[in-house]
1. Would you mind classifying the range 441-509 by shape? Square roots of the alpha carbon gyration tensor eigenvalues, ordered a ≥ b ≥ c; an a/c under 1.5 is rounded, otherwise it is prolate if a/b is larger than b/c and oblate if not.
2. Under a 5 Å amide H to amide H cut-off, with H placed in plane at 1.01 Å, what residues pair with residue 397 once short-range neighbours are removed?
3. Which FRET efficiency value, to the nearest 0.05, do you get for residue 347 and residue 416 by plugging their Cβ-Cβ distance into 1/(1 + (r/R0)^6) with R0 = 41 Å?
4. Once you have a ≥ b ≥ c as the square roots of the Cα gyration tensor eigenvalues for the range 142-312, tell me rounded if a/c is under 1.5, and otherwise prolate or oblate according to whether a/b is larger than b/c.
5. Rank 199, 226, 159 by how far each Cα sits towards the positive end of the charge dipole of the range 142-312 (+1 on Lys, Arg Cβ; -1 on Asp, Glu Cβ) and give me just the farthest.
6. Per-residue counts of other Cβ atoms within 10 Å, averaged by peptide: what ranking do you get for 35-48, 511-524, 236-249, 214-227, highest first?
7. Going highest first, how would you order 65-73, 144-152 by mean Cβ packing within 10 Å?
8. So if I place +1 on the C-beta of Lys and Arg and -1 on the C-beta of Asp and Glu, and nothing else carries charge, what would the dipole magnitude of the range 466-543 be about its Cα centre? I want it in debye, nearest 20.
Amino acid sequence: MTGQTEPRLVEPAPFVPAQPGPAADSDGHAETTTAAGSLLAGRYRLGSRVGSDAAAGAEFWRAEDTVLRRDVAATVLRRFGAGTDPDDDGGAGRAQDIIARALRSGSFEHPGCARLLDVLAPGAPGLPDGVLGAAVAEWVPGRSLAEAVADGMLKPLASARALQPLAAAAEAAHRHGHVLGCDHPQRIRLNHDGRLQLGFALPRPELTPADDVRGLGAALYTLLTGLWPLSASDAARAGLRAADRGPDGAPLPPSVVRPGVPVELETLVVGTLGTGSDTGRVRTAAAVRSVVDEVVAEADRVVLFPPEHDGVPPEPGDVWQPRGALAKQPDPRRRRKLTIGLAGLALCVLAVAGYMSVQLGELFGDPTPRIVVGSSAGGGQAAPQQSGDGSGAPVTDAAVKAVGADVYDDAGDRDNAGRVSRVIDGNPDTGWKTFNYKQQFPALKPGVGIMTSFASPVQLSSLVIESPSPGTEIEIRSAPSSDARLGDTVLLTRTTLDDGDTTVALTDSQPVQYVLLWITHLGGGGSDNSTEIREVSFRRVAD
């Protein structure tokens with residue numbers, strides 16, 4: 001399908017470029033690198049570098065459109081330092097070919113790939129020294145392909161569903177004479193809906209539709225096995241492990257790496273990667289899309305039958321669970337809550353019995369008026385505690401329930417946003433977890449948080465955070481609205497989580513309707529950094 005507008009060549013006001021620093025590519029040639037904070041065309045500010053395609057001489061950046069104040073994906077073509085060869089143009093000719101192809105495909109749009117917004121041709125005003133050209137596309141929030149499999153392989157059906165939009169995009173692009181360039185792992189991202197999208201533009205000029213077909217098979221292979229079956233150097237740059245290969249040099253079939261891969265997906269992967277016979281080769285993106293569509297449709301039809309074991313434990317929401325899952329080990333927390341509930345019920349029964357005995361005694365006994373002094377255990381209301389000045393103000397507090405919770409992330413990724421409501425559902429057996437980060441904050445972003453809200457402003461006395469992620473550092477902040485910028489929030493206090501419940505006092509806090517739990521340091525360590533929060537409960541100053 002085609003869009004309504006084509007990306008344009010931008011000619012902004014003159015720009016003083018950032019000073020590049022020297023570096024070297026994988027072949028040892030000197031090259032000029034861009035840096036965070038650099039501006040492209042006086043408008044797009046580079047934020048964090050998220051990958052590179054050495055064969056295309058391209059860097060992938062998460063950037064900010066300073067005019068529209070939104071995140072964008074910038075693909076930057078760099079100039080390689082010229083050597084002793086007088087014919088070496090530093091890649092300028094190659095960049096011209098790449099940009100020309102991007103302009104020809106500028107009107108192509110599809111949900112399976114990020115929409116191209118801008119193309120900066122070689123020689124355009126406002127390009128830093130050493131930058132030969134760039135393309136700007138919509139930012140795809142979610143995770144990289146490596147982050148998607150960092151916690152383990154995806155289920156085969158989930159993998160097939162994830163590939164559907166990307167395969168459909170490749171089919172549509174090939175039908176219009178374009179190539180996506182999805183044979184590089186860092187060009188592909190998994191969005192919040194669990195679907196793969198092409199996130200970065202400017203593929204190599206020599207790529208053909210056959211390379212896209214191989215890329216589709218490689219993406220599916222990675223979701224199924226956690227390994228990248230094409231270039232080992234691209235795998236290393238993306239943080240993935242290269243696939244092991246058999247005696248014939250071909251990647252091992254997915255079923256050798258993990259059990260339970262459906263034969264249809266196995267045949268598809270082997271056929272796209274070109275490891276089968278000519279009769280088994282898959283040569284078009286349309287064939288890839290057709291197979292994954294059939295796998296998903298068939299799975300939906302046979303949901304009444306138990307699935308074959310695929311090496312991945314079932315999700316909590318899966319219909320079919322193993323027999324052992326029903327005989328769960330006793331949960332001490334649940335047993336404790338049950339004991340407290342039964343004790344409360346017994347007190348209520350005693351209170352009702354005491355009240356009835358008093359009423360019957362007054363009805364049939366001595367009519368002389370008596371004064372009954374109630375107690376909290378006997379069912380009467382306890383006299384309120386008095387403050388030291390005798391004013392009668394209460395000194396106790398009471399529980400208050402938050403009515404909303406949402407992931408707060410200035411960077412736009414919104415880690416596992418669909419599960420964050422579990423932190424206020426009253427069930428400590430469910431919870432929310434951040435993505436798994438290979439580096440601590442603020443290497444990739446300053447932090448991530450949970451914005452909680454109340455029906456109306458309340459004056460809080462304390463809150464309790466239940467978490468199995470000790471060492472997590474959290475700032476408790478009040479916010480004027482649910483979508484307020486971090487700079488507009490007010491720091492109330494800081495805390496470091498223990499393993500279990502962590503109580504945070506909010507002494508002398510003002511009434512607030514929105515409370516932000518801003519995580520500035522994740523639990524874990526090394527290349528495995530994440531924080532899980534199972535429950536957040538609040539207490540307010542009693543009226």
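Rule-based calculations on the coordinates, nothing more; no lab input. Quantities reported herein were computed from a predicted structural model and do not represent experimental measurements. In this analysis, Cβ positions are derived from the backbone assuming ideal geometry, glycine residues included, and neighbour counts consider all displayed protein chains.
1. Numbers: a/c = 1.93, a/b = 1.11, b/c = 1.74.
It is oblate, given that a/c is not under 1.5 and a/b is not larger than b/c.
2. HN-HN under 5 Å from residue 397: 542.
3. 0.55
4. Working: a/c = 1.29, a/b = 1.21, b/c = 1.06.
Here the range 142-312 falls in the rounded category.
5. Comparing the listed Cα positions along the dipole, 199 ranks first.
6. On the way: 35-48: 18.4, 511-524: 19.9, 236-249: 14.4, 214-227: 26.5.
Ranking, from highest mean packing down: 214-227, 511-524, 35-48, 236-249.
7. Per-residue Cβ counts within 10 Å, averaged per peptide and sorted highest first, yield 144-152, 65-73.
8. Working: 6 positive and 13 negative charges, 54 e Å.
Charge dipole of the range 466-543: 260 debye, to the nearest 20.
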